[in-house]
Amino acid sequence: MSIFETRKYIAFKELHLFDDMIINNEPRISQELSLRKIAVITTVFAALITSGIFIYTNLSSRSDSMAGTQSTSGFSCYGPAGVGDNSTNRFCYDLDSQAYSNGDQISAVVNIGGNGTSWTQSTSSQRPIYHTGTDAMNGHAVMQFDGSNDCLKMTDQADLNTGASTERTYIVVFRTSSDISSRQVIYEEGGATRGLNIYLYNNKLHVAGWNFANDGSDAPWSYSYVDSTVNTETEYIVTMVYNGSNDNTTSGTITGYLNGSSMGSIGSVGKLYSHGDDIGLGYMNRNSYFENGKGNGSGNYFEGEIATFIQYNYAFGEAHRLILENSLSAKFGIAIANDLYGHESTGFDHNVAGIGQLGTDLNTCAASGSLLQISNPTDLDSGEFLLFGHSLDSGSNDEDNPNGIMNRWMRKIQFEETGDIGDVDVTFSLDQSEFVINEADDLRLLADTDGDGDMSNATVYMGVHNVTDNTIVFSGVSISEDVQFTIGSTSNLNALPVEFLYVKANKEGDRTRLSWATAMELNNSHFEIERSIDGQDFEFIGEELGNGNSNNIIKYEYWDDYLPTHTKMVYYRLKQVDFDGVFEYSPVVYVSNDDEATQMRVYPNPASDHVSVSKPGYDFDVQILNQGGVVVAQKLGQQDQAQLNLTNVPSGMYIISVITETDKESQQLIIRH
């Protein structure tokens, strides 16, 4: 198994600066992390143990998509933010996991919740647009509705409109446009007699419900709504909690929350009976009801962007709501009231989940994506929470380890504790496509209880491997201020399959010289050289043999004698192939066919794990700055082109600048993991 990524050998030359954490990319934790907040850091792992070899594989390509959490057989609490599962989370639409490209029309959005029904639009002229560029939300995809006729619809669903209900929770993440005064439906189900809706009107967001028909002792109940003022071109998380009467009365409530703050509650609410008029996202689909009376037909189209729609078949208590809203806040970069997790800016904004209790409402089990699950807190009381999210670090560290531990993975899980929840059980899923575990007994959990970053004196925990679920469980793990966790291996031999120092392409006359170097190789059969004229479609042009297994620096070179002349740019990548046929691609590099093309070029953009920048014929420094002007990554003293590792840089919008002795050029860079 192979890895194409620049790891600690190159990382010595890189500096990553963040608001709450300084990362120097040195091998030792004490040199990597300078924390200014009380926190818990856990490093999770991906490993292949074969014949006594502990090999870390690359998970850095994973985004914090909510997909995948819905199918982890070894976890029981795999809903969004670790709240519920498919039996309770009936609708969940994660745009990052959809098969669209920036600018595509959206014909269907797959539901990864338990119900499985998609939002659809069969008419091409009414399809919203999929956006991942400058219109994305904190680097995550959105659906753009034009306010004219864009909309999505759904067939009748017992989980929504055709089944009688007394409890439901709805969450929508959206962005307003410059128009917030006209009536615009964000979501609605039902019609003029019974239903629920969320809509904009007169500079306010409305959350409403009604059941006018005399359906029983718990109906009718009149139309009522709560509202809250909104601003133009602003991102929001709206939560509707329908907690109707289940005692044959109309003593229930509907409560709305906007960015974590209460919009108020509607009283005298009973059961919501079957309301067969259709379901709409971004418009009114065949009738609804508003503060001024009936809404007939279809219309009231929404202008703006929607990032996700989530629905549960029960009424959230305060603990469940706070956990999910904090997760969405971290993912989409939206400030909320009751913020319990403050590590988004330091790269730990991926798959934020949590356990906690408020009053009698509690969540004692939560999975963060498909990587790990926290459960069974021993001392959880009201007002106490433990939230956690992971970074996209990858690579291994073979220094500063306790006796008997030969290696550990660099990916981290960041915890933030409110109160003292006691000890927990930690379950890691080994059911990942990127690795295989043959000897799970070699894995250990390391706990640096004093939090000084020196893992040499860490407490070592042994886990229990569950073969059926393909998980490993560490029971009774202490959660305390500043403790740091990581996973290590007791294997005698530790190696990374292929460690690349660099990959470069230089035009020399009418030829291209490709050069690359490896710091370590394992099971490396050969490299296939591929070329492209558009950076998308690549063709095989040659091959260089690898060196099998090596712990030494090895340099390679390949000449492309047939450089295409009909295009300004020519792109190259390496396909590294193992003896067993497993392969990985390198970052893409390119040369310019335009002798006068000396301007700065950045690719790919949007970027994920790596970004390349070139300024042919120049020596330069390159910097990436966040929106606050802080340098989050840089390389100094580069020539012609450079590659920067982005696995420690959070998703979002940045400025990338190339600085020469006489000039400075800058472009916008989007990072989306």
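Tabulated data
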| quantity | calculated |
| --- | --- |
| Under the Karplus curve 6.51 cos²θ - 1.76 cosθ + 1.60, θ = phi - 60°, whole-Hz ³J(HN,Hα) for the range 295-307, x wherever Gly or Pro sits | x, 9, x, 10, x, 6, 6, 7, 10, x, 10, 10, 9 |
| Cα-based Rg of the range 162-303 normalised by 2.2 N^0.38 Å, two decimals | 0.98 |
| Cβ crowding within 10 Å averaged over residues, with 502-508, 444-450 ranked highest first | 444-450, 502-508 |
| Order by protection proxy (mean Cβ within 10 Å, highest first), peptides 533-542, 348-357, 325-334, 567-576 | 348-357, 325-334, 567-576, 533-542 |
| Under 10 Å, Cβ to Cβ, from D640 - net charge with Lys/Arg +1 and Asp/Glu -1 | +2 |
| Extended-chain gain in nm, criterion 0.36 nm per residue less alpha-carbon gap, V631 and S666 | 11.3 nm |
| Selection from I533, H610, L625 lying farthest towards where the dipole of the range 529-628 points positive, charges on Cβ | L625 |
| Estimated FRET transfer efficiency (D339, N547; beta-carbon r; R0 45 Å; 0.05) | 0.30 |
| For peptides 336-345, 312-321, sequence by mean Cβ density within 10 Å, most packed first | 312-321, 336-345 |
| Whole-Hz ³J(HN,Hα) from phi, Karplus 6.51 cos²θ - 1.76 cosθ + 1.60, for the range 204-218, glycine and proline x | 9, 9, 10, 10, 9, x, 6, 8, 6, 6, 7, 8, x, 5, 9 |
| Residue order for S608, S586 - accessible surface, 1.4 angstrom probe, largest first | S608, S586 |
| Translational diffusion of the range 547-673, µm² s⁻¹ [Kirkwood Rh, Cα pairs; Stokes-Einstein; 25 °C; 0.890 mPa s] | 150 µm²/s |
| Proximal charge balance of N89 [Cβ under 14 Å; K/R count +1, D/E count -1] | -1 |
| Neighbour cut-off at most 13 other Cβ (10 Å), DSSP loop, GluC sites (Glu not before Pro), the range 201-291 | E233 |
| Rounded accessible area of V473 (nearest 10 Å², 1.4 Å probe) | 40 Å² |
| Cβ-derived FRET efficiency at R0 56 Å, T567 paired with S182, nearest 0.05 | 0.75 |
| Cα-only Debye scattering, the range 80-163: base-10 log of I(q)/I(0) at q = 0.12 Å⁻¹ | -0.40 |
| Amide proton proximity set for A164, modelled H, under 5 Å, gap of 5+ | S274 |
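The values are calculated or read from the model by the stated rules, or taken from the named source; none is laboratory data. A quick note: this is a predicted structure, and the numbers were derived from the prediction, not measured. Quick reminder, even Gly has a Cβ in these numbers, built from the backbone with ideal geometry, and neighbours come from all protein chains shown. When the accessible area is computed, the model is the full protein with side chains, heavy atoms only, and any ligands, DNA or RNA have been set aside. Shrake-Rupley method; radii C 1.70, N 1.55, O 1.52, S 1.80 Å.
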